[in-house]
Structures are given as structure tokens and as C-alpha cells.
Amino acid sequence: AIASSGLLVFLFSWNEYPIALTWLSRSDLLTLAPAMARIAGSSVYTIPYGAFAAATVLGSAPLILLMLLFQRQIISGLTQGAIKG
């Protein structure tokens, strides 16, 4: 149950925008969300949809892989914490 909640906390904080934008000062340390915001601000007249799509796929692929690998452990941990008695 503790491992499941730890994994869920990791998944929810993967692309936390305000914390990464506030605490990280160097651009090479930024997470996906602030980096995508910088990509959007790089061009005034066009929106780089291809770069957004590529960043979204690359950013969500590790999370999907983790969920698929640990699916049974997550479900069993959540049900152990939800069942009373």
C-alpha cells in the first residue's frame, strides 16, 4: 500500500508546473511542462504543434510504462487501503 501511494505521488508530481518554474533556475533542469511553455513562447506567429506532440509523447511514455509494469501492485495497494475491516 505504501509503495502504491509512493508511485501515485510520483506520477502526480511528474510535470508539476509551478514548483519546477519557481525552484529551477537553469533551463537544462526544467521538467516537461515549463519546457513546453518555453517552446510555445519561442514563436510569436506560429504554434509548434509538432514539437508539442513530440514532447507530450516523450513525457508520458515513462508514466505509461510504469503504470503498465506495476498495474497489479497499484490496484492491490489501493484496494487494501480502501477495504475496511
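I'm checking my understanding of the structure. Among residues of segment 1-39 that are more than 30 Å from A82 (Cα to Cα) and of a type in the set (D, E, K, R), which one is surrounded by the most Cβ atoms within 10 Å (Cβ to Cβ)? So, considering only residues that are more than 30 Å from A82 (Cα to Cα) and of a type in the set (D, E, K, R), the one surrounded by the most Cβ atoms within 10 Å (Cβ to Cβ) is R38. Would you confirm, using the coordinates I've provided, whether Y49 is modelled with pLDDT of 80 or more and not hydrophobic (A, V, I, L, M, F, W, C)? Yes.
Residue by residue, here is whether (1) out of contact with any helix residue (DSSP H, G or I) (no Cβ under 9 Å at 6 or more places or on another chain); (2) modelled with pLDDT of 80 or more holds:
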| site | (1), (2) |
| --- | --- |
| Y17 | no, no |
| L58 | no, yes |
| L65 | yes, yes |
| L68 | yes, yes |
| G81 | no, no |
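Taken over segment 59-85, residues that are of a type in the set (K, R) and either part of a helix (DSSP H, G or I) or surrounded by 12 or more Cβ atoms within 10 Å (Cβ to Cβ) (or both) amount to 1.
When segment 1-20 is filtered for residues that are touching a Leu at 6+ places or on another chain (Cβ under 9 Å) and over 21 Å from P62 (Cβ atoms), only A1 remains. Does any residue of segment 40-58 turn out to be surrounded by 10 or more Cβ atoms within 10 Å (Cβ to Cβ), among the hydrophobic types (A, V, I, L, M, F, W, C) and in contact (Cβ under 8 Å) with a residue 40 or more places away in the chain? No: segment 40-58 contains no residue that is surrounded by 10 or more Cβ atoms within 10 Å (Cβ to Cβ), among the hydrophobic types (A, V, I, L, M, F, W, C) and in contact (Cβ under 8 Å) with a residue 40 or more places away in the chain.
Taking the criterion of being touching a Leu at 6+ places or on another chain (Cβ under 6 Å) and in a helix (DSSP H, G or I), the only residue of segment 27-54 that qualifies is P34.
The values are calculated or read from the model by the stated rules, or taken from the named source; none is laboratory data. All values derive from a computational prediction rather than experimental measurement. Using ideal geometry, Cβ is built from the backbone for each residue, glycine included, and neighbour counts are taken over all protein chains shown.
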